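The values are calculated or read from the model by the stated rules, or taken from the named source; none is laboratory data. None of these values were measured; they are calculated from a predicted model. Backbone-built Cβ (ideal geometry, glycine too); neighbour counts: all protein chains shown.
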Amino acid sequence: MATTTTQSTSPILPSRYTQTERSKSRVGIALTAFTAILRRDITVTGREFIAFLLQVLLQPLFFLFIFGKVLPSIGFTGPGFAAILLPGIVALTVVLTALQGVTLPLVLDLGYAREIDDRLLAPLPVTLVAIEKVIFAAMRGMVAGAIIFPLAYWILGNQYQVRTDSIGTIIGIMVLTAFAGATLGLTIGTLVKPEQIGLMFSLIFTPLIFTGCTYYPWGALDSIRWFQIITLFNPLTYAAEGLRFAMVPSFLGIPFRLLLYPG
């Protein structure tokens, strides 16, 4: 009696196809984890939104009120100074908010508690962990910078002057500024030890604020040539001057760019 054995056969997938599917699966898992971490950071900030606004807007608004409202009102600054000051305040807010949005959490994460390990255990490359921090910090910077405009309109009153024909340029410069500040914050946060965080604020933030053309246009520093050259090493200078070029309207009938850069 003969016995017939039937052997089921299944198609054998090529190794290249299997590798492609695995690669797609890994990419999908990494993107899902990336999105989850970014959503978590946004949710936490949303719950503490009032504290976030007070943290990032208090100092710039006082600068804007004193230098843009009080001093012109008592005659210590000339007409149009508030319009020149506002772009510098916006640039300062975007850069510092994005920078601090990476630096301070990263210093704490890399400290004794090692909270960064929770993110590193996520199923995504370390590079994406750093990119997520930069993107989230840049988003914080852009939100803080955008809120400056209605508050400046309220504080400055009839001295509020912003061009409306270059809104796209203004937004583009703010986006680049936010990512530049976040990238700088990532660099500082990985290099500075937690116990040196106080020293970092003194040695980095103070020169960054006062040599970044926040309160004065770069083209007006011709009489102080050495200081004009020093400001070129500050990334905030390029952000402030870019926004000033896009935001400031004509001054006494003369375009602002021709007034300060006649060459």
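Taking the numbered list (1) within 30 Å of L86 (Cβ to Cβ); (2) at pLDDT below 85; (3) β-branched (V, I, T) in turn, I29 passes all entries but (1).
Looking at F67, F34, just one residue is under 28 Å from F205 (Cα atoms) and part of a helix (DSSP H, G or I), and that residue is F67.
So that you can scan it fast, the table gives a plain yes or no per residue for (1) without any contact (Cβ under 8 Å) to a residue 40 or more places away in the chain; (2) over 18 Å from the mean Cα position of the chain (by Cα); (3) surrounded by fewer than 20 Cβ atoms within 10 Å (Cβ to Cβ):
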| residue | (1), (2), (3) |
| --- | --- |
| A138 | no, no, no |
| A144 | no, no, no |
| A152 | no, yes, no |
| D165 | yes, yes, yes |
| A178 | no, no, no |
| A182 | no, no, no |
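I148 meets the conditions (1) touching a Pro at 6+ places or on another chain (Cβ under 7 Å); (2) modelled with pLDDT under 90; (3) assigned to a helix (DSSP H, G or I) in every case but one. The failed one is (2). The residue that is surrounded by the most Cβ atoms within 10 Å (Cβ to Cβ), counting only those in region 201-224 that are touching a residue at least 60 places away in the same chain (Cβ under 8 Å) and part of a helix (DSSP H, G or I), is L208.
Condition check ((1) of a type outside the set (G, A, S); (2) surrounded by 17 or more Cβ atoms within 10 Å (Cβ to Cβ)) across all residues:
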{"site": "F34", "(1), (2)": "yes, yes"}
{"site": "D41", "(1), (2)": "yes, yes"}
{"site": "R47", "(1), (2)": "yes, no"}
{"site": "I50", "(1), (2)": "yes, no"}
{"site": "V56", "(1), (2)": "yes, yes"}
{"site": "L61", "(1), (2)": "yes, yes"}
{"site": "F76", "(1), (2)": "yes, no"}
{"site": "G80", "(1), (2)": "no, yes"}
{"site": "A83", "(1), (2)": "no, yes"}
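In this structure, T43 does not satisfy being at pLDDT 65 or above, part of a helix (DSSP H, G or I) and under 28 Å from T206 (Cβ atoms). Here L260, L186, L252 are screened, and the one residue that is surrounded by 18 or more Cβ atoms within 10 Å (Cβ to Cβ) and either in contact with a strand residue (DSSP E or B) (Cβ under 7 Å, 6 or more places away or on another chain) or modelled with pLDDT under 75 (or both) is L260.
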